[in-house]
Amino acid sequence: MLIASFFRDIRANFAPIFGLALVPIMGFIGTAVDYSRGNALKVAMQAALDSTGLMLSKDATGLTPEQMKAKATAHFMALFNQPEAKDIDLTAVLSTPQAGSFKLDISAKAKLDARFLRVFGQNHFEVGSATQVVWGIKRLELALALDNTGSMSSNSKMTELKKAAKSLLDILKLAAKKEGDVKVSIVPFDTTVKIGKSHKDADWLDFSVKGIAKDDWDGCVIDRSYPNDTNDATPDGSSAKKFPASQCGDDIVRALPLTDIYTGLTTLKNKVDNMQPNGFTNVTIGLMWGWHTLTNSVPFEQGAASQPDLDKVIILLTDGDNTRAWDNIGNKEITSESAINLRTEAACANVKAANIRIYTIRVIDGNSTLLKNCASSPTMYYDVQNASQLSGVFTSIAQNLANLRIAK
């Protein structure tokens, strides 16, 4: 046969040349096989590293370098089930590229015994991979401006609101790694907001509007005079900038200024539990006092100055149309919905101009166009058709505020 004659042919060196050619050919084949093994190992390593990075990022800021490496190694080894990998070495390094942001770099390398490359004197080769998790844990000041009007008593709205708000607080408590990370204020509102009788001697209060005696005042305020009813101007000697004192009885729960969630979770939850539905609706005053709690002007001076690593957010929830407000110039009540809506629109614009983000939630009833336009973006407006959906909405918002992301 032709092949047999080829190997018997002594007139040329075809056989030796063919034999010598087999060495690099087998080397290429062996390299491909070992490369394939190494690539499969790297894929498994990458998957384990990604999972380890996401897991570790939840606690990384509270761990020492030694604790971080130990925890990362334990989680990685539980996932990286590759008996062929030898001398596994893992590193985990946390850094802060800028205020309010964190970067976790995790890398691993291992040795893999060669099978075919031994022919060329290489007994093993190294496989490595890395992942990076970047997240922002900006400090957060959050105001919950929550409708406490009488209509919140229907369709289990107040019951579901309390559950949802406390769930949000729990999620944010987990996101807070230390004191000062997250602060929350709670502003229950109807047509008034209760700031407390302890302020009765303050020079920024105006008792003349309603003709109330200081000692009889129960701690509530109504809208300021135009245009200060929609801005955060600091009260001074001008009556237009003062807060008009009003009576509200026990109809509304006193507002809670910014409270550190890391140490004050119980206080915040108790405030939510104490809310009771009563009265008419003035969305403007709820939004305005949510804003007041985020600044450092009287009467709530807990808000920090604007900083790159600080987010200020208001969650505004209502279940009704604007029905009552106060006109200090005319010394009369306003009942025109369209007139009050103009005030709400101005307040929304001013809050956003102050670099405060607004989430709005409409519960079954209310002016959807007004609330949608008030939100900082269309995705930050929620139209709730059933009160039982509130927990899901508040959870979604809380997760957005936690703001964890992965980058490769």
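The values are calculated or read from the model by the stated rules, or taken from the named source; none is laboratory data. Not measured: the values here are computed from a predicted model. Cβ coordinates were reconstructed from backbone atoms using ideal geometry, including for glycine residues, and neighbour counts include every protein chain displayed.
Right, Asp273: over 21 Å from Pro227 (Cβ atoms), out of contact with any Leu (no Cβ under 7 Å at 6 or more places or on another chain) and surrounded by fewer than 21 Cβ atoms within 10 Å (Cβ to Cβ) or not?
Working: over 21 Å from Pro227 (Cβ atoms): yes; out of contact with any Leu (no Cβ under 7 Å at 6 or more places or on another chain): yes; surrounded by fewer than 21 Cβ atoms within 10 Å (Cβ to Cβ): yes.
Taking the combined requirement at face value, the residue satisfies it.
Taking region 68-112 as the search range and keeping residues that are among the basic types (Lys, Arg) and surrounded by 14 or more Cβ atoms within 10 Å (Cβ to Cβ), which one is nearest to Thr131 (Cα to Cα)? Don't jump to the end; show me each part of the working.
Looking only at region 68-112, we keep the residues that are among the basic types (Lys, Arg), and these are 69, 71, 86, 103, 109, 111.
Imposing the further condition that a residue be surrounded by 14 or more Cβ atoms within 10 Å (Cβ to Cβ) reduces the set to 69, 71, 103, 109, 111.
Working: Lys69: 14, Lys71: 16, Lys103: 11, Lys109: 12, Lys111: 19 Å.
Restricting to residues being among the basic types (Lys, Arg) and surrounded by 14 or more Cβ atoms within 10 Å (Cβ to Cβ), the top hit is Lys103.
Look through Leu342, Leu310, Leu401 and report the one residue that is over 30 Å from Gly53 (Cβ atoms) and either of a type in the set (A, V, I, L, M, F, W, C) or in contact with a Cys (Cβ under 9 Å, 6 or more places away or on another chain) (or both).
Numbers: Leu310 fails: over 30 Å from Gly53 (Cβ atoms); Leu401 fails: over 30 Å from Gly53 (Cβ atoms).
Residue meeting the stated conditions: Leu342.
Take the residues in region 324-358 that are among the polar types (S, T, N, Q) and modelled with pLDDT of 95 or more; name whichever of them is nearest to Thr284 (Cα to Cα).
Per the stated criteria, the residue is Thr344.
Determine, yes or no, whether Asp232 is in the same structural domain as Asn278 (by TED's automatic domain parsing), in contact with a Ser or Thr (Cβ under 6 Å, 6 or more places away or on another chain) and crowded, with 24+ Cβ neighbours inside 10 Å. Full working, then the answer.
Working: in the same structural domain as Asn278 (by TED's automatic domain parsing): yes; in contact with a Ser or Thr (Cβ under 6 Å, 6 or more places away or on another chain): yes; crowded, with 24+ Cβ neighbours inside 10 Å: no.
Judged against the criteria, Asp232 is not a match.
If Asn350 satisfies every condition in (1) out of contact with any strand residue (DSSP E or B) (no Cβ under 6 Å at 6 or more places or on another chain); (2) over 30 Å from Ala304 (Cβ atoms) but one, which is the exception?
Of everything listed in (1) out of contact with any strand residue (DSSP E or B) (no Cβ under 6 Å at 6 or more places or on another chain); (2) over 30 Å from Ala304 (Cβ atoms), Asn350 misses just condition (2).
Find all pairs meeting these conditions: Cβ atoms under 7 angstrom apart; at least six residues apart or on different chains; first residue within region 294-323 and within 29 Å of Ala202 (Cα to Cα); second residue aromatic (Phe, Trp, Tyr) and assigned to a loop (DSSP other than H, G, I, E, B).
Going by the 7 Å Cβ cut-off, the qualifying pairs are Val298/Trp204.
Return only the number of the condition from (1) at pLDDT below 85; (2) out of contact with any Phe, Trp or Tyr (no Cβ under 6 Å at 6 or more places or on another chain); (3) within 30 Å of Leu140 (Cβ to Cβ) that Arg37 does not satisfy.
In the conditions (1) at pLDDT below 85; (2) out of contact with any Phe, Trp or Tyr (no Cβ under 6 Å at 6 or more places or on another chain); (3) within 30 Å of Leu140 (Cβ to Cβ), Arg37 misses (3) alone.
Checking the structure you have, find out if any residue of region 284-293 is under 25 Å from Ile361 (Cα atoms) and not in a helix (DSSP H, G or I).
Applying the first criterion (under 25 Å from Ile361 (Cα atoms)) to region 284-293 yields 284-293.
Of the ones still in play, those that are also not in a helix (DSSP H, G or I) are none.
Looking through region 284-293, none of the residues is under 25 Å from Ile361 (Cα atoms) and not in a helix (DSSP H, G or I).
Inspect all residues belonging to region 251-271 and state whether any of them is of a type in the set (S, T, N, Q), in contact (Cβ under 8 Å) with a residue 24 or more places away in the chain and in a strand (DSSP E or B). Break it down into steps so the answer makes sense when it comes.
Pass one, region 251-271, residues of a type in the set (S, T, N, Q): 259, 263, 266-267, 270.
Subset that is in contact (Cβ under 8 Å) with a residue 24 or more places away in the chain: 259, 263.
If we keep only those that are in a strand (DSSP E or B) too, we end up with 259.
Yes, there is a match, as at least one residue in region 251-271 is of a type in the set (S, T, N, Q), in contact (Cβ under 8 Å) with a residue 24 or more places away in the chain and in a strand (DSSP E or B).
Determine the pairs where a residue that is at negative phi, located within region 356-371, has a partner that is among the small types (Gly, Ala, Ser) and in a loop (DSSP other than H, G, I, E, B) with Cβ atoms under 8 Å apart, the partner being 6 or more residues away or on another chain.
Qualifying pairs under 8 Å: Arg357/Ser376; Ile358/Ala375; Ile358/Ser376; Tyr359/Ala375; Tyr359/Ser376; Thr360/Ala375; Asp365/Gly320.
Considering only region 242-257, I want to know if a residue exists there that is buried (at least 17 other Cβ atoms within 10 Å of the Cβ), among the acidic types (Asp, Glu) and within 26 Å of Ser376 (Cβ to Cβ). Write out each step before concluding.
From region 242-257, those buried (at least 17 other Cβ atoms within 10 Å of the Cβ) are 242-246, 248, 251-257; that's our starting set.
Narrowing the set further to residues that are among the acidic types (Asp, Glu) leaves 251.
Narrowing the set further to residues that are within 26 Å of Ser376 (Cβ to Cβ) leaves none.
No, region 242-257 contains no residue that is buried (at least 17 other Cβ atoms within 10 Å of the Cβ), among the acidic types (Asp, Glu) and within 26 Å of Ser376 (Cβ to Cβ).
Quick check on Leu168: is it in contact with a strand residue (DSSP E or B) (Cβ under 6 Å, 6 or more places away or on another chain) and either farther than 19 Å from Gln385 by Cα or modelled with pLDDT under 90 (or both)? Give the derivation first.
Values: in contact with a strand residue (DSSP E or B) (Cβ under 6 Å, 6 or more places away or on another chain): no; either farther than 19 Å from Gln385 by Cα or modelled with pLDDT under 90 (or both): yes.
Criteria not met by Leu168.
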